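Bear in mind these aren't lab numbers, they're just calculated from the coordinates by the rules spelled out. Remember, it's a predicted structure, so these values are computed and weren't measured experimentally. Glycine also receives a Cβ, built like all others from the backbone with ideal geometry; neighbour counts cover every protein chain displayed.
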């Protein structure tokens, strides 16, 4: 009787784990999607910035299941270079990527 009860409990736990995995996977930010969104945003920033000649995105690193950080660089006239970290996040219960910029450094 105890063996059957233990087996049933393990089976229920496994079924619960299988049901929870797809819900957690739904909001994982794929690296490719995050990097392409960051590239699009960086290109738009360069197009709107006076004196921006070129831009670059990379390297990127996964910070958590829901967050990827990439370094974005803008190259301007007269050797002016700006770099900043762009954060791509996947908000809970939404299938979209939200971008934030931080640590802007120009030299």
Problem - Sequence ranges 86-92, 99-105, ranked by mean other-Cβ count within 10 angstrom, highest first - result: 86-92, 99-105
Practice task
Please work out how much length the chain gains when fully extended from residue 54 to residue 81, using 0.36 nm per residue of separation minus the C-alpha to C-alpha distance, in nm with one decimal.
Solution key: 8.7 nm
Exercise for the section: Only Cα pairs under 8 Å and at least 6 apart count here; give the relative contact order of the range 28-107 as a rounded whole percent. Expected result: 25
